[in-house]
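Enquirer: Sharing a structure, written as structure tokens. Questions coming.
The values are calculated or read from the model by the stated rules, or taken from the named source; none is laboratory data. All figures in this text were calculated on a predicted structure; none of them were measured in a lab. Cβ atoms come from the backbone with ideal geometry, glycine included; neighbour counts cover every protein chain shown. Ligands, DNA and RNA are excluded from the accessible area calculation, which covers all protein heavy atoms including side chains. Shrake-Rupley method; radii C 1.70, N 1.55, O 1.52, S 1.80 Å.
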Amino acid sequence: MPTITESDFKKILSRGDFGTLYYLCGEEKMLVSHYTDLLIEKTAGKEPGDFNFHVFTDAFSVDEFEAAAQMVPFTSDYNVVVVKDLDFSNFSSDESSKILDTVSHLAGDTVMILTFPTKTAKGDDKDSKPAANSKDAKLKTLASKKGTIIEFKKLTPSNVKTKLVSWASKRGVVLTPQLAELLIEYCGTDLNKLRTELEKLCSYTGEGGEIKKDDIDALVTRDLESRIFDLSNAVINRRGAEAFKVLDRLLYNREDELRIISVLASSYVNIYRARIAIKSGARTTELKKWFKYSDAQLRYAERDSRNTTTAALRKSINAIAETDMALKSTRASKRLLLELLVEKLLIIASEERRR
């Protein structure tokens, strides 16, 4: 059976007509975990019994695995066997062959769930694609022939926004698409983090309420990239006190100094690219295609590119590179180096503005 999508899998769960083998993988680990739990609940019940439900994680006894797969369900429709984050490197060649043989000869009342909720299944990303005859490839090929593969690909920001609105609605809370987009700007597109922050907001708002911007500003833990946007914006617009306040908050929260300067460099490079695109007559939306920017990254870069000069951006990127080198090669106070960098960036912004 070909690889199916989330919407197709929802239909299978709704119908309740289950096959013997499911392989859940993909970049969106929260969805892999969520739908694994749903599949387990549908096949084994909310409180699975010991005789009909077996979970194996990473390394396990192959003999016990084989025995579990052959068990006849007792007081249940299915004998459910779950294997999480299977890594064939933990097994010998004989054991691996036995695992593949067990998976290929499942009884009709057994439901085997091969799932990767924390690890990336080898072959599911372009950088770790296994050889065609490897054990990992054979397992996935076997799953495609004997069962169903459900792949949860990385969601677009638009898809993530839709999910946030839906999740809030299921909690009886209103979240507008506009504020869902703000939440993504603050937290990125990681579903695990977004779900945590949304649960916090829903609990605070209460059933029947509506999430407000002030709630998001007060309660949501913003990711580093979002806060660096604030820093670069304050510097480019020559708001020195605000820039140092943002930097002080980052350091107070024990953000890694090298991580701070890395994201700051990326922010300035984004702004530079946007400015060059505008000057050349190209649409900034082209940057989204070339560099895979999010809507928020593109919006921030275009906004700040209009309040600076090309010369200022070049000097600023050079200053950031010099500070990055100093952070990695000297014993000077990292905090002091970052503070001196912000001061230098503010001077560059002011001098170029006067020209």
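Enquirer: Which residues, taken from the stretch 67-88, are in a loop (DSSP other than H, G, I, E, B) and not hydroxyl-bearing (Ser, Thr, Tyr)?
Expert: Correct list: Gln70, Met71, Val72, Pro73, Phe74, Asp77, Asp85, Leu86, Asp87.
Enquirer: Any idea which of (1) in a helix (DSSP H, G or I); (2) closer than 28 Å to Ile4 by Cβ is the one Leu179 doesn't satisfy?
Expert: (2) is the only condition that Leu179 fails.
Enquirer: Here's another thing I want to ask about it. With the condition kept exactly as written, say whether any residue in the stretch 129-137 is in contact with a helix residue (DSSP H, G or I) (Cβ under 6 Å, 6 or more places away or on another chain) and modelled with pLDDT of 90 or more.
Expert: no
Enquirer: Among the residues of the stretch 38-58, how many are open to solvent by 50 Å² or more (accessible area, probe 1.4 Å) and closer than 15 Å to Leu114 by Cβ?
Expert: Qualifying residue count, the stretch 38-58: 2.
Enquirer: Considering only residues that are assigned to a helix (DSSP H, G or I) and open to solvent by less than 30 Å² (accessible area, probe 1.4 Å), look in the stretch 151-166 and name the one that is modelled with the highest pLDDT.
Expert: So, considering only residues that are assigned to a helix (DSSP H, G or I) and open to solvent by less than 30 Å² (accessible area, probe 1.4 Å), the one modelled with the highest pLDDT is Leu164.
Enquirer: Do the conditions hold for Ile348, that is, is it at pLDDT 90 or above, under 16 Å from Ile228 (Cβ atoms), out of contact with any Asp or Glu (no Cβ under 7 Å at 6 or more places or on another chain) and part of a helix (DSSP H, G or I)?
Expert: Values: at pLDDT 90 or above: yes; under 16 Å from Ile228 (Cβ atoms): no; out of contact with any Asp or Glu (no Cβ under 7 Å at 6 or more places or on another chain): yes; part of a helix (DSSP H, G or I): yes.
In short, no.
Enquirer: Among the numbered criteria (1) within 17 Å of Ala137 (Cα to Cα); (2) open to solvent by less than 50 Å² (accessible area, probe 1.4 Å); (3) at pLDDT 90 or above, which single criterion is violated by Ser93?
Expert: (2)
Enquirer: Now, a different point. Taking the condition part of a loop (DSSP other than H, G, I, E, B) and within 30 Å of Thr309 (Cβ to Cβ), does Arg222 pass?
Expert: yes
Enquirer: Still on this model: Of everything in the stretch 3-58, what is charged (D, E, K, R) and either in a helix (DSSP H, G or I) or within 30 Å of Leu164 (Cβ to Cβ) (or both)? Give them in sequence order.
Expert: Glu6, Asp8, Lys10, Lys11, Arg15, Glu27, Glu28, Lys29, Asp37, Glu41, Lys42, Lys46 - these are the residues of the stretch 3-58 that are charged (D, E, K, R) and either in a helix (DSSP H, G or I) or within 30 Å of Leu164 (Cβ to Cβ) (or both).
Enquirer: Run down Leu21, Leu31 and say which single residue is open to solvent by less than 70 Å² (accessible area, probe 1.4 Å), touching an Asp or Glu at 6+ places or on another chain (Cβ under 8 Å) and of a type in the set (A, V, I, L, M). Before the answer, list the steps.
Expert: Details: Leu21 fails: touching an Asp or Glu at 6+ places or on another chain (Cβ under 8 Å).
Result: Leu31 is the single residue among Leu21, Leu31 that is open to solvent by less than 70 Å² (accessible area, probe 1.4 Å), touching an Asp or Glu at 6+ places or on another chain (Cβ under 8 Å) and of a type in the set (A, V, I, L, M).
Enquirer: Suppose we filter the stretch 318-332 for residues that are at pLDDT 95 or above and of a type in the set (S, T, N, Q); how many remain?
Expert: Residues in the stretch 318-332 being at pLDDT 95 or above and of a type in the set (S, T, N, Q): 2 in total.
Enquirer: Right, another one. Going by the structure shown, is Thr57 at pLDDT 90 or above and not hydrophobic (A, V, I, L, M, F, W, C)?
Expert: Considered against the rule, which asks whether it is at pLDDT 90 or above and not hydrophobic (A, V, I, L, M, F, W, C), Thr57 comes out as yes.
Enquirer: Within 25 Å of Asp223 (Cα to Cα) and surrounded by fewer than 16 Cβ atoms within 10 Å (Cβ to Cβ): which single residue out of Arg259, Arg283 fits that description?
Expert: Arg259
Enquirer: Right, another one. Is one or more of the residues making up the stretch 242-249 among the aliphatic types (A, V, I, L, M) and not in a helix (DSSP H, G or I)?
Expert: No, because not a single residue in the stretch 242-249 is among the aliphatic types (A, V, I, L, M) and not in a helix (DSSP H, G or I).
Enquirer: Sticking with this one: Does Arg249 meet the test of being closer than 23 Å to Lys328 by Cβ, basic (Lys, Arg), exposed (fewer than 14 other Cβ atoms within 10 Å of the Cβ) and under 28 Å from the mean Cα position of the chain (by Cα)?
Expert: no
Enquirer: Further question: May I ask you to verify whether Arg306 is modelled with pLDDT under 90, more than 30 Å from Leu179 (Cβ to Cβ), over 30 Å from the mean Cα position of the chain (by Cα) and not aliphatic (A, V, I, L, M)?
Expert: Answer is no for this residue.
Enquirer: Let me ask something additional. Within the stretch 273-296, track down each residue that is in a helix (DSSP H, G or I) and touching a residue at least 40 places away in the same chain (Cβ under 8 Å).
Expert: Hits for the stretch 273-296 are Asp295, Ala296.
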